[in-house]
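Here's the structure we're looking at; comments come further down.
The values are calculated or read from the model by the stated rules, or taken from the named source; none is laboratory data. Computed from a predicted structure; not experimentally measured. Glycine gets a Cβ as well: all are built from the backbone with ideal geometry, and neighbour counts include every protein chain shown.
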Amino acid sequence: MFDRFPNIDWPTPYGVMLALACVAGWWLARHRARSHGVDASHVDLALPLAMIGGVGLVQVMGTFVPNELIATRNTLLAEHRFRLPAIATACLVMAFLYCRIAHLSLRGFADTIAPGALLGIALLRIGCFLAGCCFGRIAGTVVALDVVTSPAVQLPIQARSALSGDAIPWAVRFPAGSFAFHQHVALGLIDPEAAQSLPVHPVQLYESAAVLLLCALVLRVPAGRFRPGTAALVAFAGYAIIGFLLQFLRADNALVLGPLSVPQLIYLAWLAVVPFLAVAVHSSVGPGSRAIA
């Protein structure tokens, strides 16, 4: 974990990656604008408005996703903070409103920004890894976990047996003071004087790699050969699948419906609307259409 630069309190590595994610996403969207019939000035205006408005909308509506912190071996202390899927949903709403107000093709604009959004997420998750947040479940068998009698505590902490073998060479141990370290200390799995956490899945890097591959796939959807909105639909559905599956390896989210967390429920809602979006894309005027969607 590299949550601070040596002898520098600000900026943090996470902050640098967040800024890089925003700049890279903006640059790629602007680079694609002309080929999708979108004036680059709309990218310059809409992206910051969507981000600021999206985060504000999440706060105003109180859409906070529980983040469970272990208080004792069999008790969870729940805190609330918004998560990426909630913010992304709000940003999509703001982008839709912008396109309506600006009389801009929603399909064309969505195709313009989709790969940039994926690139930004991939870079942001590297920042999460450096900060030690959004950490994964324990990789490997932990005998001490048997003393935790509450299934509600056990389930979100250790990966299922098929994914928690003792010989996972890429599992990481975060240093003392990290989020994973505090969780494992509170569970009684490691001594408070230990130097590092138990080995956990680097789920942040899993997501970064998977989203980069998805971004490369979306970039191969050429403008003009498919109906407007196709690239955005692939990005939307693909990221929903990636996010949903990787949540099974996250150790910092509350389970609210069986083995499912709130982010997973949001991703399922995304997937539920994909067929309707596919119909909307298919019903567009045709390849290269600039009709207002």
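Taking Pro199 as the residue in question, decide whether it is touching a Gly at 6+ places or on another chain (Cβ under 9 Å), modelled with pLDDT of 90 or more and not polar (S, T, N, Q). Answer is yes for this residue. Looking at segment 202-215, can you tell me whether even one residue there is hydrophobic (A, V, I, L, M, F, W, C) and touching a strand residue (DSSP E or B) at 6+ places or on another chain (Cβ under 9 Å)? Checking segment 202-215: at least one residue is hydrophobic (A, V, I, L, M, F, W, C) and touching a strand residue (DSSP E or B) at 6+ places or on another chain (Cβ under 9 Å). Could you go through segment 110-124 and let me know if any residue there is closer than 30 Å to Thr230 by Cα, outside any helix (DSSP H, G or I) and among the aliphatic types (A, V, I, L, M). For segment 110-124, residues closer than 30 Å to Thr230 by Cα, outside any helix (DSSP H, G or I) and among the aliphatic types (A, V, I, L, M): absent. Exactly one residue out of Ala33, Ala19, Ala50 is modelled with pLDDT of 90 or more and farther than 23 Å from Pro202 by Cα: that is Ala33. Please enumerate the residues belonging to segment 236-247 that are in contact (Cβ under 8 Å) with a residue 24 or more places away in the chain and either among the hydrophobic types (A, V, I, L, M, F, W, C) or on the phi > 0 side of the Ramachandran plot (or both). Once the filter is applied, which keeps residues that are in contact (Cβ under 8 Å) with a residue 24 or more places away in the chain and either among the hydrophobic types (A, V, I, L, M, F, W, C) or on the phi > 0 side of the Ramachandran plot (or both), segment 236-247 yields Phe236, Ala237, Ala240, Ile241, Ile242, Phe244, Leu246. Among the residues of segment 216-235, those identified as touching a residue at least 40 places away in the same chain (Cβ under 8 Å), out of contact with any strand residue (DSSP E or B) (no Cβ under 9 Å at 6 or more places or on another chain) and of a type in the set (Gly, Ala, Ser) are Ala223, Gly224, Gly229, Ala232, Ala235. Among the residues in segment 226-235, are any part of a helix (DSSP H, G or I), modelled with pLDDT under 95 and among the hydroxyl-bearing types (Ser, Thr, Tyr)? Checked segment 226-235: at least one residue is part of a helix (DSSP H, G or I), modelled with pLDDT under 95 and among the hydroxyl-bearing types (Ser, Thr, Tyr).
For segment 27-45, the tally of residues that are surrounded by fewer than 19 Cβ atoms within 10 Å (Cβ to Cβ) and in a helix (DSSP H, G or I) stands at 8. Kindly evaluate Leu118 against the criterion of being under 20 Å from Ala21 (Cβ atoms) and not hydroxyl-bearing (Ser, Thr, Tyr). Yes, satisfied.
One residue is enough: does segment 248-259 have a residue meeting the conditions on the phi > 0 side of the Ramachandran plot and modelled with pLDDT under 85? Among the residues of segment 248-259, at least one is on the phi > 0 side of the Ramachandran plot and modelled with pLDDT under 85, which makes the answer yes.
Look at Gly238 and say whether it is at pLDDT 95 or above and out of contact with any strand residue (DSSP E or B) (no Cβ under 9 Å at 6 or more places or on another chain). Here the answer is yes, as Gly238 does meet what is asked. Flag: Leu212 matches the condition of being in a helix (DSSP H, G or I), at pLDDT 85 or above and surrounded by fewer than 18 Cβ atoms within 10 Å (Cβ to Cβ). Taken together, the criteria exclude Gln204 from residues that are of a type outside the set (Asp, Glu) and free of Cβ contacts under 8 Å to residues at least 24 places away in the same chain. Applying a threshold of 7 Å to beta carbon distances and a minimum spacing of six or more residues, or different chains, the list of pairs starting in segment 256-267 at a residue that is closer than 13 Å to Ala88 by Cβ and ending at one that is hydroxyl-bearing (Ser, Thr, Tyr) reads Ile266/Thr89.
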